[in-house]
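Chemist: Encoded as structure tokens, here's the structure I'll be asking about.
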Amino acid sequence: MAPQQGKRLKGTQIFRPFIYGTTALPFHPLHNPKPPGVPDDHTHSWTVFVKGIDDVDTTYWLRRVQFKLHESIPNHVRMVEGEKGKAFVLHETGWGEFEIAIKLYYVPESSEKPQTLYHHLRLHPYGRTEEEKEIMRTTNNGQVISWSYEEQLFNEPYESFYEILTSGALPAVPPKGGKGAKEKLVRSAGGVLERSAMIPLVNRPGQMFSRETEQVEIKKLKEAMIKIEEMARKTKDEVEKKEKRLKELKADSAKG
Amino acid sequence: MTSRDVHDVLNIPSDHSGVGRPSKKQKSSAIRPNLKGLAREVQNLSGDNPIAIVPEVSFFKKRRLASRKPATKWELKPFTNSARGDDGALVLRHWRRKTEDGPPADVDSQPGENEAEGSSVTKVEKPEDSAFAKFNVHVQIPQYTDDQYHSNLQSSTWTKEETDYLLELAKDYDLRWAIIWDRYDFQPKGASGDFTDGSNALVPAGEPRTMEDLKARYYEISAKMMAVQTPVQYMNRSEFELFEMVQKFDPEQEKRRKQFALNTMARNKDEAREEESLLLEVKRIVARTERFNEERRELYNRLDYPATETDINSFKSSAGLQNLLQTLMTSDKAKKQRKQAMGPGDVASPSSAVPTSAVSETHANRRESIAASAVSNHHRADSDARTPATPAEPTPTSATAPAANKKKGAPQPERRKLTQQEEQIYGVSYHDRLGSGPTFRYEKINKLYSHKSGQQQLRITNVLSELGIPPRLVMPTAQVTAQFELLWTAVTSLVDLRKVNDRLDGEIKIEEAKKAERDKVRGVVVSPATPATNGTGDKEEGGAETNGEGGKDQQKTDQDKKRPGSSGGSSHKRSASVLSSVSDKSAKRQKK
């Protein structure tokens, strides 16, 4: 554990969006031939990853990631060290779905303990209905994509880590010592600044998490809210009616 | 005419009369040929000084005659002004120089193909637009849809109609606030339509708005709409500056500013003079306090004392006190020695430093040196005097000072204040209560689930999936999770309500069953003809079921009947559990 870096900043929270998940592809003699040395019963090649949104760098806050696979897989605890500008990726082959424990180790400056996420490896198309499954089967070249958007919250970070998290995206306002003073803003293809907590504005192929998606979801939730309110009102009416009826009946029985 | 001439005339002998005159004459003769066209007498008048009147040489425009080109032709051309907004209904004419390119273009198009003809005809027909039309610039008024208004711009003091009206005015008068305020006369629709004249008189037509109110509302809307259109993180600098400016509008301050300006203008001469003198007085006082502070600081500097950052507790015990005395004495001694050794300038007081960042480093260094000297002194004192103070335990001052130095010594720049834009970009937010450490946004939602019992979880997920909400949120951002939490509370209350509903169903059924029993018993006694008065066959069936479940039940109800007064709560509770299967069934029916 790194030495204590000053104090924690009370009441401050900083978040970083990132994506984790799996992509699986069945073996196929043409499109996805089985590499030599893979056991016969393996049916899919799959990839588990943790990466920044819009493929921005995350290594300035995330040092390494441990993927804990199923015990039956040889060497089932894999550690992936961060490499600047690259995602944390693990390629494997297999035949079964299972839960992967993804443990995030933060940079030493953060002095934070590692945290664990759980992700279910999906090899076969999934969905609530058959149609959804079918869509998944036909799109993305048969790849089974199971990605999750998540936001890492750093609550009350230490001062030094706070400095790291709140610098780098914009040029420092008072140019310090000439170094990096005239740097242009570094943006990803989706317009996200490096080392920022931004989310792309619109969806692009392969990048399905954006403000657009967010708005769609909010809208959906709002619509659901309206429906729920409607249902609640109806039920409330019913309850009132029934209470009245019960009262009548009770009064009746008390009489009789 | 020079002074010498005057002297000459008056026969006053000059100092160097003999030399002066001829030399002057020579000089003037040298200048003279330069000036032509001037009478000699006039030139003589100027004497030594160069003449101020320069003859003007005028050239007449001869060249014009030289150019043999025919005079340029002017023609009276019609024009419209698109800024009028009447679609060119008004056509005025003005003189324009006939252009060379104009006619050939027409000539080209006339023999041209048919498709070109159409456009040329319109060109001919359409008079040119006024060159001044481009100066008709409109301000950009924020636009919003109904939906956006409801989600973002709701206000307790402004209706949507009035907001629309305000924006309309702002557009019409190009944000000239004085005019907007002057013309502002909003009539609420309800007041003009629904009320009779009498009540209309009672209800004032819209509350009077000050200019600050109008501005505040307008800026509020523009800020919000700007944020809606481009999230703050994506604004470029100029956009963001505008956004910040618009957001910062403070009507109160504006009011005060205007009031102040008014007051300043309204004061009379005496007041102005008084104010001036007061200002002077204030200046004097400030200067004096500054000087006073300076002196005091100097005095403090002279009163040289070592700075201690440690708390006083360690000195409260007698041993600690002894220790302190020891260190003070040794340091005092050391100081004296040092003073003798070096000049007094180097031993500047450690505590004196002005708390500016520039000095802080040297300040720290100085303190370090003092701390070091204190340590060494202490050791020396120990070895010399063999005081009862334990040598292993260092004095608090010497122990903590280096630590403090380390902290100070590390480049720990003043934490800069993030601008709002930076906060957005870096995802910084501030909360009242936070558990420290890293977490995930989705954890909060997981917690919502885990706080409920298994059955409730099941019910809630059922409701949610009915509504088409996926089991895991697609994008658990702050906004989405907040919205989901709202939904969550609504769903849980709905589920609770349904539970109550089911319970009531059950109770009603029991009551009805009891009634049926009673009626049956009574029917045996009185008349079997009266059918169950309480409604549908479905319910009767339920009652029959309970009856059929066993003789025990029957007995119970019989017992209850014997004591009709006490047939309240206890039996209900029991029966509720008995009828839980029934209630579940009814719940299912309801869902359908």
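Chemist: Stokes-Einstein D for chain A at 25 °C, 0.890 mPa s, Kirkwood Rh over Cα pairs, in µm²/s?
Modeler: It comes out at roughly 110 µm²/s.
Chemist: Can you run phi through the Karplus equation (6.51, -1.76, 1.60; θ = phi - 60°) for the stretch B:269-281 and list ³J(HN,Hα) in whole Hz, with x for Gly and Pro?
Modeler: 4, 4, 4, 4, 5, 4, 4, 4, 5, 5, 4, 4, 4
Chemist: Using θ = phi - 60° and the Karplus relation 6.51 cos²θ - 1.76 cosθ + 1.60, list the HN-Hα couplings for the stretch B:253-268 in order, rounded to whole Hz, with x at every Gly or Pro.
Modeler: Once rounded to whole Hz, the list reads 5, 4, 4, 5, 4, 5, 4, 4, 4, 4, 4, 4, 6, 7, 6, 9.
Chemist: Within 10 Å of each Cβ of B:234-246, how many other protein chain Cβ atoms are there on average?
Modeler: Numbers: counts 9, 0, 1, 1, 0, 0, 0, 0, 0, 0, 0, 0, 0.
Per residue, the average neighbour count from other chains is 1.
Chemist: Shifting gears a bit: May I ask for the Rg/Rh ratio of the stretch A:210-256, computed from Cα atoms with Rh as the Kirkwood radius, given to two decimals? Present the calculation step by step, with values, prior to reporting the outcome.
Modeler: Values: Rg = 20.2 Å, Rh = 13.5 Å.
Rounded to two decimals, Rg over Rh is 1.50.
Chemist: Residue by residue through B:462-470, how many Cβ atoms from other chains fall within 10 Å of the Cβ on average? Intermediate values should be presented prior to the final figure.
Modeler: Working: counts 0, 4, 2, 1, 4, 8, 5, 5, 4.
Average per residue, whole number: 4.
Chemist: Stretch B:THR289-B:THR419 to full length: gain in nm at 0.36 nm per residue minus the Cα-Cα span? Before the final figure, lay out the partial values.
Modeler: Numbers: separation 130, 0.36 × 130 = 46.80 nm, distance 3.51 nm.
The span from B:THR289 to B:THR419 would gain 43.3 nm if fully extended.
Chemist: Under 13 Å from the Cβ of A:VAL89, count the other residues' Cβ atoms, weight Lys and Arg +1, Asp and Glu -1, and hand me the total.
Modeler: Numbers: positive: A:LYS51, A:ARG64, A:ARG78, A:LYS86; negative: A:ASP55, A:GLU81, A:GLU83, A:GLU92.
Neighbourhood net charge equals 0.
Chemist: Over chain A, what is the mean sequence separation of C-alpha contacts under 8 Å (at least six apart), divided by residue count, expressed as relative contact order in percent? Write down the numbers at each step before the final one.
Modeler: Values: 419 pairs, mean separation 56.1, N = 256.
This gives 22 percent for chain A.
Chemist: Of A:LYS250/B:LYS520; B:LYS160/B:LYS224; A:LYS10/B:LYS452; A:LYS86/B:LYS224, which ones are farther than 26 Å apart at the Cα?
Modeler: Values: A:LYS250/B:LYS520 18 Å; B:LYS160/B:LYS224 15 Å; A:LYS10/B:LYS452 31 Å; A:LYS86/B:LYS224 37 Å.
Going by Cα-Cα distance, A:LYS10/B:LYS452; A:LYS86/B:LYS224 fall outside the 26 Å limit.
Chemist: For B:435-448, what's the mean count of beta carbons from other chains sitting within 10 Å of each residue's beta carbon? Before the final figure, lay out each step's value.
Modeler: On the way: counts 2, 11, 11, 15, 8, 10, 7, 6, 4, 1, 0, 0, 0, 0.
Mean shielding by partner chains, rounded to a whole number: 5.
Chemist: Something else about it: If packing is taken as the average number of other Cβ atoms within 10 Å across a peptide's residues, how do A:72-84, B:278-290 rank, most packed first? Don't skip to the answer; put the middle values down first.
Modeler: Values: A:72-84: 12.2, B:278-290: 10.1.
Going from most to least packed, we get A:72-84, B:278-290.
Chemist: Please list, in order along the stretch A:93-107, the HN-Hα scalar couplings obtained from phi with the Karplus expression 6.51 cos²θ - 1.76 cosθ + 1.60 (θ = phi - 60°), rounded to whole Hz, x for Gly and Pro.
Modeler: So the J values, rounded to whole Hz, are 10, x, 10, x, 8, 7, 8, 9, 8, 10, 10, 9, 9, 8, 5.
Chemist: Let me check I've understood the local charge: for B:ARG273, count other residues with C-beta under 15 angstrom from its C-beta, Lys and Arg +1, Asp and Glu -1. What total comes out?
Modeler: Working: positive: B:ARG267, B:LYS269; negative: B:ASP270, B:GLU271, B:GLU274, B:GLU275, B:GLU276, B:GLU281.
Summing Lys and Arg as +1 and Asp and Glu as -1 gives -4.
Chemist: Still on this model: Apply the Debye scattering formula to the stretch A:13-155, with a single equal point scatterer on each alpha-carbon and no solvent, then give log10 I(q)/I(0) at q = 0.10, 0.18 Å⁻¹.
Modeler: Here log10 of I(q) over I(0) equals -0.38, -1.08.
Chemist: Also, quick follow-up: What residues have an amide H closer than 5 Å to that of A:ARG63, excluding those fewer than 5 places away on the same chain, when H is modeled at 1.01 Å from N in the peptide plane?
Modeler: When sequence neighbours closer than 5 places are left aside, the close amide H contacts are A:TYR105, A:TYR106, A:VAL107.
Where a number appears in this text, it was derived from the coordinates with a stated rule and is not lab data. Remember, predicted model here, so these are calculated numbers, not experimental data. Glycine also receives a Cβ, built like all others from the backbone with ideal geometry; neighbour counts cover every protein chain displayed.
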